[in-house]
1. Between residue 85 and residue 46, what is the label-point separation in nm under the 7 Å Cα-to-beta-carbon projection?
2. Calculate the FRET efficiency for residue 5 and residue 36 from the Cβ-Cβ distance with a Förster distance of 25 Å, rounded to the nearest 0.05.
Amino acid sequence: MTSTTCANHPGSPAVALCVGCGDVLCAACSTRIQGRNLCARCVAGELARPPEASQSSLLPRLVAYGGAAGGAVLLIAVLAGLGLALHTLG
């Protein structure tokens, strides 16, 4: 941090650094989201961004949240469905 006081409240000690813009922040001005400190302006910017296209797909979400386990569950479900379809045609 380049300053020991908040960028918004010069009388308040700085306790965090906004990872979005680099402002130093007091406890009242810092918002922690997903392990990152952000100021109000950067939080608003994060909320204004549209969700990424990859987040609408099931596979990337499973891999992101469950890692290999999520991918394995999806693979097992697909294989079970394929097996059921082949058995029905059987």
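1. 4.1
2. On the way: r = 21 Å, r/R0 = 0.85.
For residue 5 and residue 36, the calculated efficiency is 0.70.
Read-outs throughout are calculated quantities, based only on the coordinates presented, and are distinct from any laboratory measurement. Predicted model only: the values in this text are computed from it and were never measured. Virtual Cβ from ideal backbone geometry, glycine too; neighbours counted across all protein chains shown.
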